[in-house]
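Every number in this text was worked out from the coordinates using simple rules, so none of it is lab data. The shown structure was predicted, so the numbers you read here are calculated from the model rather than taken from an experiment. Here the Cβ positions follow ideal geometry from the backbone for every residue, glycine too, while neighbour counts run over all protein chains shown.
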Amino acid sequence: MDKNYVYLPIEEVETKGTFLKAICFKPKMAPIVMIIVGILMFIPRIFLLALLGMFFIVMSALVLFLVKDYKVLDIFDQGVLIYGDKEAKLACFIPFEDIKMWTVKRDNGHDTAEFTLQDDSVIIKDSFEVDKAYRTLYGLIKEKEEKYMKAQKAREDQLSIPAAMENIRNRFFKK
């Protein structure tokens with residue numbers, strides 16, 4: 001790929017297609033649900049349950065009001081607009097045909113969306129809303145999703161009996 005994606009000021013970035021979804025860093029629904037659960041914990045009038053409810057309310061309020069939210073990426077029907085900084089002043093638009101593979105990873109509360117481009121460069125973006133990104137991207141370009149590609153390859157690679165026996169021997173009888 002001869003294109004080199006550079007983050008430009010957002011005013012200079014040309015996007016293609018219609019806007020579908022904005023993915024931000026901070027979760028929106030989870031803190032609200034936890035505040036409601038915290039309030040419901042006061043109903044039984046049990047001290048420890050009320051204390052736990054107060055903890056839920058305080059922690060959720062801290063997330064809602066103190067954690068800064070910023071745009072991570074915007075999904076269009078022709079590509080993805082990836083923001084380069086937390087102020088959303090820099091961004092680059094990557095068309096779907098330039099994306100070789102994409103995946104969403106969840107590791108110990110650290111959720112990331114990873115895009116591998118045709119030149120094997122990788123763009124990684126952190127967000128707590130990666131599920132929204134996954135559903136939208138899977139609907140648009142599921143054939144480039146990492147797990148989907150591995151499943152397709154596994155379907156194409158039919159295992160013969162000797163190859164299966166060799167895999168079993170290698171797995172259970174390692175030297």
Original post:
If you build a Gaussian network model of the chain, linking Cα atoms that sit under 10 Å apart, which residue out of Asp69, Asp119, Asp107 swings the most?
Top reply: Asp107
Subject >> Convex hull per residue volume in Å³, alpha carbons only, for the chain >> reply: 213
**OP:** Name the longest site-free stretch of the chain, where the excluded sites are chymotrypsin sites (Phe, Trp or Tyr not before Pro) in a DSSP loop with no more than 16 other beta-carbon atoms within 10 Å.
**Re:** 71-172
**OP:** Using only alpha carbon pairs under 8 Å that are at least six residues apart, calculate the relative contact order of the chain and give it in whole percent.
**Re:** 22
Original post:
Past the 23 Å Cα-Cα mark, which pairs from Lys89/Lys125; Lys16/Lys68; Lys26/Lys100?
Top reply: Lys16/Lys68; Lys26/Lys100
Subject >> Sequence-distant aspartates and glutamates (8 or more away, or on other chains) whose Cα lies within less than 17 Å of Lys153 >> reply: Glu143, Glu145
Original post:
Each residue of region 139-148 in order: what ³J(HN,Hα) in whole Hz does its phi give by Karplus 6.51 cos²θ - 1.76 cosθ + 1.60, θ = phi - 60°, with x for Gly and Pro?
Top reply: x, 8, 9, 5, 5, 9, 6, 4, 5, 5
**OP:** At most 12 other Cβ atoms within 10 Å and a DSSP loop assignment: could you name the GluC sites (Glu not before Pro) in region 65-159 that fit?
**Re:** Glu87
Original post:
Relative to the Cα centre, what is the charge dipole magnitude of the chain, using +1 at the beta carbon of each Lys and Arg, -1 at the beta carbon of each Asp and Glu, and rounding to the nearest 20 debye?
Top reply: 980
